[in-house]
2 protein chains.
Amino acid sequence: MLNNPTIKDVAEKANVSVATVSRVLNGLTGFSAETEVRVRNAIAELGYQFNAVARNLKLKKTNIIAVLIPQVETTFYVKILNGIEDAAQNCGYSVMVCHVGISGNRTQEYIKMLAERQVDGIIGCSLPPDEKIDTLMAECEIPCVLVSTLSSRYSIPYIRVDDFKASYAATTYLISKGHKNIAMLAGSQDDVVAGVLRLKGYRKALEDNRIPYSPKLVQYTRFSYETGLQAAKDLLNSGESFTGVVACCDEVAVGAISAAYEAGLKVPDAFSVIGYDNTRTAEMAVPPLTTVSQPLYPMGEQAFHMLQNEMEQGKKAENQILPYEIVERDSVKKV
Amino acid sequence: MLNNPTIKDVAEKANVSVATVSRVLNGLTGFSAETEVRVRNAIAELGYQFNAVARNLKLKKTNIIAVLIPQVETTFYVKILNGIEDAAQNCGYSVMVCHVGISGNRTQEYIKMLAERQVDGIIGCSLPPDEKIDTLMAECEIPCVLVSTLSSRYSIPYIRVDDFKASYAATTYLISKGHKNIAMLAGSQDDVVAGVLRLKGYRKALEDNRIPYSPKLVQYTRFSYETGLQAAKDLLNSGESFTGVVACCDEVAVGAISAAYEAGLKVPDAFSVIGYDNTRTAEMAVPPLTTVSQPLYPMGEQAFHMLQNEMEQGKKAENQILPYEIVERDSVKKV
DNA sequence: GGAATAAAGGTAATCGTTTACGTAACCGGA
DNA sequence: TCCGGTTACGTAAACGATTACCTTTATTCC
């Protein structure tokens, strides 16, 4: 950090007081046109650089928000992040991205750091099922919003799609294409939303269509390509027969496609696959992946505005449920 | 931002001066064991929260660095970012990620904002070929380091692999597999490194192996899946015959695989493809993509340490060239 | 002409830390 | 006894902005 000129230097040079410089800088009133010119000239001549840290201290507001994400390895977070960032920037906020790690073990230090740095708000994206994390968020006294997840014990406002319904719809979609033996590559069951609810939706859809549920057709993953690949291999090796697969996310779905490839099979000929999230991974898959689309970018934008409401008006936002949509590509065929 | 207790409150409660509280807080000397206990108890009782903004103002150091990236849509940046973040966190720094946009049009406002926020340093990742961007970085008087790119006009320290050599090696690899008609899906030619140098490496490899260069076998992309797909389609439609494709990045390579899929062809049967970067996209492709691996995570780590050197010792780091490696998977076959 | 009002701009306290400098108490050695 | 050195603090001035509260001057209206 350099020894930049301050508003005091500007004030001296322009022969006014610091108050006047500040007024000019902030577009307030209380100075004449010619004073403004003198001040602006002094600023230009000195190469004056505004110091936001000083302002933040005085105003007790940093205009920084933090976004907590488990990992960015998947493109899932990218769209949310873009939505948050664009909205934040339009409103004069900067965002600090924090990878709390998939196990959430760095969360505690992170939240402490954020509190010290006086961030104005925190957005938690699809956080890992760590017991402590929502406690920390609830107790740190900083406005918080959750995206694509919820807290089971605290009333932290959230924005997400209805995972139960979406998963129900995905399964029903396969059924409508004539599939009867449908496997599920589920997420970790300690994840309340993406794990538990999506599995429940799958089961309910089977039930409502009088298809018996078989635990043997369910494999568990950790939402990653690698675990998806392994789970799909296990499924193929189990000897169970199936023609459709519902995946808990796109990466896992692509893992299933890769497992088929390794086994010399082809999707959707050998079996159909439907993903979840409609990330870039889904577009780029071979074959392109049919998937449940979440409006990730808008979710990010709205999450920011919910947070902004709390930061600026002090009132907690209402929870929001956004619509999903099935995007049809080439990974599902009629049987 | 709440009205937290300050060290003044702590000082009163513990019956000491603020200086003593500060000394305890910072692990300095100059207080007795029993005083320390009193201070720590007061801190605990009041629920005192340290205020980093005040310290930053006083010390003229924020311990925040910014990372400028065009977009995070690709997993390319993710590994670099992880490397930077881990290293930064170990050294007590926080990182602020800034998406300057693929066209770099937000760069100017961003750098101004970063200067105002008094960030201690900036890392520019693979920045877009905007004329102004390195000028801004060079002139903002904040320590800067470039990753996977370089500035043609300013001496900003950089860390990257030798793109010319790596691209030469990728092309030579295809040649060693018996390929003679090798196409290139190049990047934008206004990108000095990933665009120009990788094309040059390709041409030199052809030349050294006495294979005539044909401009018709070169298509240009913008490093994205979409432009890669389109370029590969154009190539297929051009009627030129080729058995191998060198891509400027993994996403473009996957675009080529998808173009083959759409045309009813298969990789590597119809043609072989070699990618660049070894991102997750390469692992997840069907077939898994043979690619040039850049040590992205270590690049991120080292970039941070180069920056740290300049921030803390004030001396610019030496440029660094890191080794590449060809990772063999299933997208290339012998002809 | 005088009172009221508005406009222009200055003074100084404040935000919550860090730290240079001062001081009092204590100890040990000659 | 006196001196020098150490330890354990306290005092107060920064850091660079914002802003409440003045003061001065000009303008307006009866």
Response to the item:
Amide H proximity to A:V100 below 5 Å, modelled H, separation 5+ or other chain, gives A:I69
Discussion item. Please report the spacing between the Cα centers of the stretch A:49-113 and the stretch B:233-252 in Å, no decimals.
Written reply: 40
Practice prompt. Show the residues, 5+ positions off or on another chain, whose built amide H is closer than 5 Å to the amide H of A:A66.
Written response: A:M96, A:G121, A:I122, A:I123
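Take the Cα radius of gyration of the stretch B:1-148 and divide it by 2.2 N^0.38 Å, with N its residue count; two decimals is plenty.
Working: Rg = 20.3 Å, N = 148, 2.2 N^0.38 = 14.7 Å.
Computed over Cα atoms of the stretch B:1-148, the ratio equals 1.38.
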Worksheet item: Where both partners of a DSSP beta bridge lie in the protein assembly as shown, what percent of those bridges are antiparallel, to the nearest 5?
Response: 10
Worksheet item: Once a ≥ b ≥ c are taken as the square roots of the eigenvalues of the Cα gyration tensor of the protein assembly as shown, is the result rounded (a/c under 1.5), prolate (a/b larger than b/c) or oblate (a/b not larger than b/c)?
Response: oblate
Fill in: Alpha carbon Rg of the stretch B:7-50, scaled by the compact-globule rule 2.2 N^0.38 Å
0.96
Fill in: In order through the stretch B:283-296: 3J(HN,Hα) via Karplus (6.51 cos²θ - 1.76 cosθ + 1.60), integer Hz, x for Gly, Pro
5, 7, 5, 10, x, x, 8, 6, 7, 8, 9, 9, x, 5
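What is the mean number of Cβ atoms from other protein chains located within 10 Å of the Cβ atom of each residue in peptide B:224-232, rounded to a whole number? Before the final figure, lay out each step's value.
Numbers: counts 1, 3, 3, 0, 1, 2, 0, 0, 0.
Mean shielding count: 1.
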Discussion item. If I take every Cα pair under 8 Å that is 6 or more residues apart in chain A, average their sequence separation and divide by the length, what percent do I get for the relative contact order?
Written reply: 16
Worksheet item: What are the nm distances, shortest first, from B:L265 to its equivalents in the other copies, labels at 7 Å along Cα→Cβ?
Response: 2.9
Worksheet item: With each pseudo-label sitting 7 Å past Cα toward Cβ, what's the B:V37-B:L322 distance in nm, one decimal?
Response: 5.1
Discussion item. Quick check: residue separation of B:C140 and B:D330 times 0.36 nm, minus the Cα distance between them. What number comes out in nm?
Written reply: 63.8 nm
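First measure r as the distance between the Cβ atoms of A:S241 and A:S188, then evaluate 1/(1 + (r/R0)^6) with R0 = 22 Å and state the FRET efficiency to the nearest 0.05. Before the final figure, lay out each step's value.
Values: r = 26 Å, r/R0 = 1.19.
Between A:S241 and A:S188 the formula returns 0.25.
Could you compute the FRET efficiency for A:E12 and A:K60, with r as their C-beta to C-beta distance and R0 at 30 Å, rounded to 0.05? Mind dumping the intermediate values first?
Details: r = 28 Å, r/R0 = 0.94.
E between A:E12 and A:K60, to the nearest 0.05, is 0.60.
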Worksheet, complete the sentence: Computed about the Cα centre, the charge dipole of the protein assembly as shown from +1 Lys/Arg and -1 Asp/Glu charges at the Cβ has a magnitude in debye, to the nearest 20, of 20
Worksheet item: From the phi of every residue in the stretch B:112-122, what ³J(HN,Hα) in whole Hz does the Karplus formula 6.51 cos²θ - 1.76 cosθ + 1.60 yield, where θ is phi - 60° and glycine or proline is x?
Response: 4, 4, 5, 5, 4, 7, 6, 5, 7, x, 9
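So how much slack lies between A:H305 and A:N181, counting 0.36 nm per residue of separation and subtracting their Cα-Cα distance, in nm?
Numbers: separation 124, 0.36 × 124 = 44.64 nm, distance 4.30 nm.
Extra length available between A:H305 and A:N181 comes to 40.3 nm.
If I stretch the segment between A:Y213 and A:C91 completely, what's the gain in nm (0.36 nm per residue apart, minus their alpha carbon distance), one decimal? Display every interim value, and only then the final one.
On the way: separation 122, 0.36 × 122 = 43.92 nm, distance 4.93 nm.
Working it through step by step, the gained length comes to 39.0 nm.
Treating the beta-carbon of each Lys and Arg as +1 and of each Asp and Glu as -1, no other charges, what is the dipole magnitude of the stretch A:7-50 about its Cα centre, to the nearest 20 debye? If you can, show how the numbers build up before the last one.
Values: 5 positive and 5 negative charges, 16 e Å.
That gives a dipole near 80 debye.
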Discussion item. Helix B:250-262 against the longest principal axis of chain B: what's the angle in degrees, Cα atoms only, rounded to the nearest 10?
Written reply: 40
Worksheet item: For the pair A:E262 and A:Q71, how long in nm is the line joining their label points, each one 7 Å along Cα→Cβ?
Response: 1.6
Worksheet item: Say we join alpha carbon atoms closer than 10 Å with springs in a Gaussian network model of chain B; which of B:I64, B:I211, B:I274 then has the biggest fluctuation?
Response: B:I211
Worksheet, complete the sentence: Note, the stretch A:18-29: 3J(HN,Hα) by Karplus (6.51, -1.76, 1.60, θ = phi - 60°), whole Hz, Gly/Pro = x, goes 4, 4, 5, 4, 4, 5, 4, 4, 9, x, 8, 10
Discussion item. For A:R329, what residues show an amide H to amide H distance below 5 Å, using hydrogens built from the backbone and excluding near sequence neighbours?
Written reply: A:T290, A:T291
Practice prompt. Tally the DSSP beta bridges in chain A and give the antiparallel ones as a percent, rounded to 5.
Written response: 10
Worksheet item: Taking the DSSP beta bridges in the stretch B:180-335 as the whole, what percent of them are antiparallel, to the nearest 5?
Response: 20
Fill in: Residue pairs, from the table A:K8/B:K61; A:K79/B:K216; A:K13/B:K60; A:K216/B:K334; A:K8/A:K60, whose Cα atoms sit over 30 Å apart
A:K79/B:K216; A:K216/B:K334
Fill in: Estimated dipole of chain B in Debye, rounded to 20 [Cβ of Lys and Arg +1, of Asp and Glu -1, Cα centre]
280
Worksheet item: For labels at B:A19 and A:K315 in the simple 7 Å Cα→Cβ model, what's the distance in nm?
Response: 5.0
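No value in this document is a laboratory result; all are computed from the given coordinates. Given the structure is predicted, the values throughout are model-derived calculations rather than measurements. Here the Cβ is made from the backbone with ideal geometry for all residues, glycine too, and neighbour counts use every protein chain on show.
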